[in-house]
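Working notes, beginning with the structure itself.
Computed from the coordinates by the stated procedures, all read-outs in this text should not be read as laboratory data. Since the structure is predicted, the reported quantities are computational estimates derived from the model, not experimental observations. Reconstructed Cβ throughout: ideal geometry from the backbone, glycine too, with neighbour counts over all protein chains shown.
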Amino acid sequence: MPPLSSSAPGVRQAAFRFRCIACGDVSDSASQNFRCTHCGDLLEITYPQWKGAVPEAQNLRNTWRQRRLSQSAIDQSGVWRFRELLPALASDDQAITLREGNTPLYELPQCARLTGVPRLFAKHQGLNPTGSFKDAGMTVAASFARLAGFRWVACASTGNTSASMAAYAARGGMRSLVVVPEGKISWSKLSQALDYGAVTCQLRTDFDGCLRLLQELVLRAPVYQLNSINPFRLEGQKTLALELLEQLDWQPPHHIIVPGGNLGNSSAIGKALVEMRDLGLISRLPKLSVIQAAGANALVRTLREAAGKRLISVQAETRATAVRIGNPASWKKAVHVLEVTGGACEQVTEIEIAQAKAEIGAEGIGCEPASAVTLAGLKKLVKQGFVKSGEGVVLVLTGNLLKDPDFTMGFHHGDLFKGSAEESASAALNPLRRPPIVLDATLDAVIRTLERAEKA
Ligand code: F0G
């Protein structure tokens, strides 16, 4: 029988409320589409109790550390381990958990040399149970879906959310509906949703079209929406930053760099950083920067052309299909986070993404294309002098290398840019390519290949 889990002395799990990010209206419940009933903007979760009795930072740190020795499922979750800063469950067994979180922080010495940054780390969220950062948010949101009595959960997705949602729904005894753009998500991600038992609809539209449809669907059918518009998702994803700071002994890095798609993750990390500072867990805020693919650069344009005041949507096109999003739902939250932390927002080309992905792979770590925008973006931020020599940087790798094998194979075979405008420029990537070599099955042939590789 696993031991019962415990809370920090004098610290209760948090009672929470929903607050509209635009008009500030506070309420105890949220509507089906997680939009403010007064002005229609997005909601976030707040913890009014923290105002009166701020939990003791050192108590929290000790409690979270102790839980790593526990055998109980909720303590072994790298998300629920931090439950004092999450919406409260009435009992531990209400959590649907696959022991998400607990992801490693790796040093990247070769990439550090390439970029001129002395200490460069990767927080690898691709090592979550379904292979992406989505699991950290899904454990919280799926648990609250079940608590609310829903039989069906649903999401629009570029692939990772759907894989994660399908898994957590299955673990929690719920049915799941996945709505994805036809032909525009990787087979790996699609196959996960199928295996986890989701009802999977491939719509003849893009991600933005899928999300629009889902927003209408939740108002008509008794399904619970698990996109990152759902503020419970962002509470779970906050723990990425808590775990990261714990791994750094609560010494904040100068920079955290994250890919931007629908902009839920950057919003979640930024919220966590501010909360940690307000609770005395860290002494200063790292700069949180968001990097987008140049072909899906709605936030970049929103900041440059509209000073962050109104969204400039784009027709998204990128091989990094996870971030092929032109109308990001959480853009206002992300603009706020960039302002509060003083972070930058940059865009990177398809070639830069492919190069950065191969460079991360060459460190023995690997990630999916959307994650590699972080390294490509870092190079730009160093060139611009935004990241200064001597500053510590953490890249958030959001997805596993195995999420998109077609991209990786295309890169190494040299097919990735064939027939595209980037074809001639992509020749610069040749030194990074390692195509498989077909040989006769002789010792001689293999030894000659080995010798050639040694000289190269
Ligand atoms: N990286 C990966 C691997 C992703 O799957 C996503 C988003 C992002 C980055 C961007 O994060 O949307 O929070 O800004 N994937 C979503 C999905 C949209 O449906 O799987 P974001």
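For Val393, what is the net charge nearby, where nearby means another residue's Cβ is under 10 Å from its Cβ and Lys, Arg count +1, Asp, Glu -1?
Values: positive: Arg119, Lys287; negative: Glu391.
Value of the local net charge: +1.
Taking 25 Å as the limit for the C-alpha separation, the pairs Lys383/Lys455; Lys134/Lys271; Lys134/Lys287 exceed it in the case of Lys383/Lys455.
Axis of helix 369-383 versus longest Cα principal axis of the chain: the two differ by about 80°, to the nearest ten degrees.
What is the ratio of the Cα radius of gyration of the stretch 207-292 to 2.2 N^0.38 Å, where N is its residue count, to two decimals? Don't skip to the end; give the middle numbers.
Details: Rg = 15.6 Å, N = 86, 2.2 N^0.38 = 12.0 Å.
In units of the globular-protein estimate, the stretch 207-292 measures up at 1.30.
If you put +1 on each Lys and Arg Cβ and -1 on each Asp and Glu Cβ, how big is the dipole of the stretch 303-456 around its Cα centre, in Debye rounded to 20? Numbers along the way, then the final one.
Details: 19 positive and 19 negative charges, 127 e Å.
I would put it at about 600 debye.
Compactness ratio of the stretch 405-456: Cα Rg over 2.2 N^0.38 Å, N = residue count?
On the way: Rg = 13.8 Å, N = 52, 2.2 N^0.38 = 9.9 Å.
Expressed relative to 2.2 N^0.38 Å, the Cα Rg reads 1.40.
The C-alpha atoms of the chain define a longest principal axis, and helix 264-278 lies at about 60 degrees to it.
How large is the dipole of the chain about the Cα centre if only Lys and Arg carry +1 and Asp and Glu carry -1, each at its Cβ, rounded to the nearest 20 debye? Intermediate values should be presented prior to the final figure.
On the way: 51 positive and 42 negative charges, 151 e Å.
In debye, rounded to 20, the chain gives about 720.
Each Lys or Arg adds one and each Asp or Glu takes one away; over the other residues whose Cβ falls under 14 Å from the Cβ of Asn327, this sums to +2. Classify the stretch 107-149 as rounded, prolate or oblate, taking a ≥ b ≥ c as the square roots of the eigenvalues of its Cα gyration tensor: rounded when a/c is under 1.5, otherwise prolate if a/b is larger than b/c and oblate if not. Prolate shape, in that a/c is at least 1.5 and a/b is the bigger ratio.
I'd like the antiparallel share, as a percent to the nearest 5, of DSSP beta bridges with both residues in the chain. Taking every DSSP beta bridge with both residues in the chain, the antiparallel ones total about 25 percent. Each of the peptides 295-305, 437-447, 187-197 was scored by the mean count of other Cβ atoms within 10 Å over its residues; in descending order, highest first, they stand as 295-305, 187-197, 437-447. Rounded to the nearest 10 degrees, the angle from helix 57-66 to the longest Cα principal axis of the chain is 60 degrees. Taking Lys and Arg as +1 and Asp and Glu as -1, the other residues whose beta-carbon sits under 11 Å from that of Gly173 total +4. Among 415-428, 153-166, sorting by the average number of other beta carbon atoms lying within 10 angstrom of each residue, highest first, gives 153-166, 415-428. When only Cα pairs below 8 angstrom with a gap of at least 6 residues are kept, the stretch 132-228 shows a relative contact order of 33 percent. If only the Cβ of Lys and Arg carry +1 and only the Cβ of Asp and Glu carry -1, the dipole of the stretch 208-261 around its Cα centre is close to 300 debye. For the stretch 308-413, the equivalent ellipsoid derived from the Cα gyration tensor has semi-axes of 24, 19, 12 Å, listed largest first. In the stretch 321-420, a dipole from Cβ-located charges (positive for Lys and Arg, negative for Asp and Glu) runs towards its positive end, and of Phe386, Thr408, Gly364 it is Phe386 whose Cα lies farthest in that direction. Taking every Cα-Cα distance in the chain and sorting them into 20 Å bins from zero, the calculated P(r) comes out as 25, 58, 16, 1 percent.
May I ask you to derive the relative contact order of the chain, considering only C-alpha pairs under 8 Å and at least 6 residues apart, and to give it as an integer percent? Could you put the intermediate results ahead of the total?
On the way: 923 pairs, mean separation 66.8, N = 456.
RCO, the chain: 15 percent.
Rounded, prolate or oblate: which one fits the stretch 106-194, using the alpha carbon gyration tensor with axes a ≥ b ≥ c (rounded when a/c is under 1.5, else prolate when a/b beats b/c, else oblate)? Because a/c hits 1.5 or more and a/b exceeds b/c, the stretch 106-194 counts as prolate. Legend: P(r) of the stretch 153-247 from all alpha carbon pair distances, 10 Å bins from 0, whole percents, reading 17, 47, 29, 7, 0.
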